[in-house]
């Protein structure tokens, strides 16, 4: 029974049920599921710098009738400012109905409500949707919890690392391996509609990008071009894929239709031009090049014209990724250690978000408020996925079953 | 079939004794029916070791390792230039390749762990190609050399220190057997 001392505190008691019924969702019955729903919402809302949630394990339960008629005086006594209540019901067909209500305790009024009907195996999505409603209503930002992450699962010693393509929910749940690890897999990227993943594999000995269709389990090469291909990136509309290809040691960036076809070469410098990330409107691409002598960040028009360097910070700047909001570019800054940083699209207002031995490969949450990256431990080479908010103050490690790298977020699910 | 192989060996002038010894294989078919696929392999990989009874099989990876100054050249951070030490090593590799014109090699390009993944794949490719280009400049046919970059994915030295990183920034020549 915790007392809430923070004035930004959000209380999230267990979601009661109208009738305890068995369900295939976690918990086995709707009563236990109600606690799990509140736990998932609590997990989503903590550690992002905006809220101080208190979860169901530290709060008294509520009656089903209280969901729509909160006992505000009791919550005021606990110094809760916001209150998230909800319920869960099991239908005759096994489907679950989850209600989600957000209340302002001080005002004693309702701020928002939503209801979701989900299959039992999708119960976590109802919790993520509820957390998204709370997050959006209180922060004014777009939601992002109901989304997925593709990444590389790593096992084994440093000199024989097994690297498998894997996917999971944004909070690490519903984990699934896509490849068996016999060929090293790297750098996955979800298509904007979640139907495909573009990633690099050493299948057949050389690094090539494959486009894997999640529904059919089939994959194909992104291009029949001769050289090794790497660093795949989708256009915001999902119609094109950027890739980098080395020909006789010289790497350039190409664009190819996502369905296959003719590639267009976008860069043509004698240096290494690699990566690439579209601005949200699709009009520009930020990429990395060492044409000046070291890795630096450049912006060009989507057709390859007007290439301009934007990073002038000393050291090296790599792996730029344009925020889905368009206002920031996240990248890896290398000056001894590798650190995650952001800058505006003109190269100004550079700020570090992390300060560790080796952090790299930032990608954005769908709402552009959280940057995800991977951290490598010195000597052991062990890797883990981390998330940090744009203040850089709120860092959290994502739970993964094994070591993890190369995280890439997909969009919020419809 | 056998005749062609012998002729090519004779033309190279390098495996003359082995080549002649192979002519003696004509006695073998009396014991066993000919094996079309195995015949070539037999003639090229197991000539009787006349001159070097204890040495590695000529043309083998072991022979390559015993013959060259090294299979690995090293690079400075972010660099891919071939320095004089690298040139000595690659020249010894070129001599071996000239001795065995039927042999092909793969050059693997590698980087240390202190760089980003995509760039290191590109840099490893550039290092492997730098080594390849030098071998080609010494007269080795480019079609005999393939390259592959492993970026920072396959370190040989496992520490996180300058000495380990220096060993991992490398291009390694491996014979295709």
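Brief remarks follow.
- Residues residue A:97 and residue A:303, FRET efficiency given R0 of 56 Å [Cβ-Cβ distance, rounded to 0.05]: 0.70
- A straight chain from residue A:221 to residue A:155 at 0.36 nm per residue would run longer than the Cα-Cα distance by 21.2 nm.
- The stretch between residue A:137 and residue A:283 holds 49.5 nm of extra length on full extension. This uses 0.36 nm per residue minus the Cα-Cα distance.
- Overall form of the range A:198-249 per C-alpha gyration tensor (a/c, 1.5; a/b vs b/c): oblate
- For the range A:51-170, the Stokes-Einstein estimate of translational diffusion at 4 °C and a viscosity of 1.567 mPa s comes to 77 µm²/s, using the Kirkwood hydrodynamic radius over alpha-carbon pairs.
- More than 24 Å apart - percent of Cα-Cα pairs taken over the range B:61-176: 21 percent
- Separation of the residue B:176 and residue A:268 label points, Cα + 7 Å toward Cβ, nm: 3.1 nm
- For chain A, the longest principal axis of the Cα atoms and the long axis of helix A:123-139 meet at an angle of about 90 degrees.
- Calculated mean residue ellipticity at 222 nm for chain A: -3000 deg cm²/dmol, from DSSP H runs with n ≥ 4 weighted as -39500 (n - 2.57), summed, divided by the residue count and rounded to 500.
- Rounded to 5, percent antiparallel among DSSP beta bridges of chain A: 95 percent
- Within 10 Å of the Cβ of each residue in B:106-118, the mean number of Cβ atoms contributed by other protein chains is 6.
- Residue A:291 paired with residue A:68, simple spin-label distance in nm, labels 7 Å along Cα-to-beta-carbon: 6.3 nm
- Prolate/oblate/rounded label for the range A:147-412 (Cα gyration tensor, a/c 1.5): rounded
- Estimated FRET transfer efficiency (residue A:57, residue A:327; beta-carbon r; R0 35 Å; 0.05): 0.40
- Coordinate range along principal axes, alpha carbons of the range B:119-177, Å, largest first: 38, 25, 18
- Antiparallel beta bridges, as assigned by DSSP with both residues in the range B:61-176, represent about 60 percent of the total such bridges.
- Two-site label geometry, residue A:204 and residue A:174: point separation in nm, points 7 Å out along Cα→Cβ: 3.3 nm
- Average partner coverage of B:122-132, which counts Cβ from other chains inside 10 Å: 6
- Gyration tensor over the Cα atoms of the protein assembly as shown: the corresponding equivalent ellipsoid has semi-axes (square roots of 5 times the eigenvalues, largest first) of 58, 27, 20 Å.
- Relative to the dominant Cα principal axis of chain A, helix A:30-45 is inclined by about 50°.
- D (Stokes-Einstein, µm²/s), Kirkwood Cα radius, the range A:219-359, 1.306 mPa s at 10 °C: 104 µm²/s
- Per-residue average of Cβ from other chains inside 10 Å of B:149-155: 5
Bear in mind that the values in this text are calculations on the coordinates, not laboratory data. Everything numeric here is computed off the predicted structure, so don't read it as measured data. Here Cβ is always computed from backbone atoms with ideal geometry, including for glycine, and neighbour counts include all displayed protein chains.
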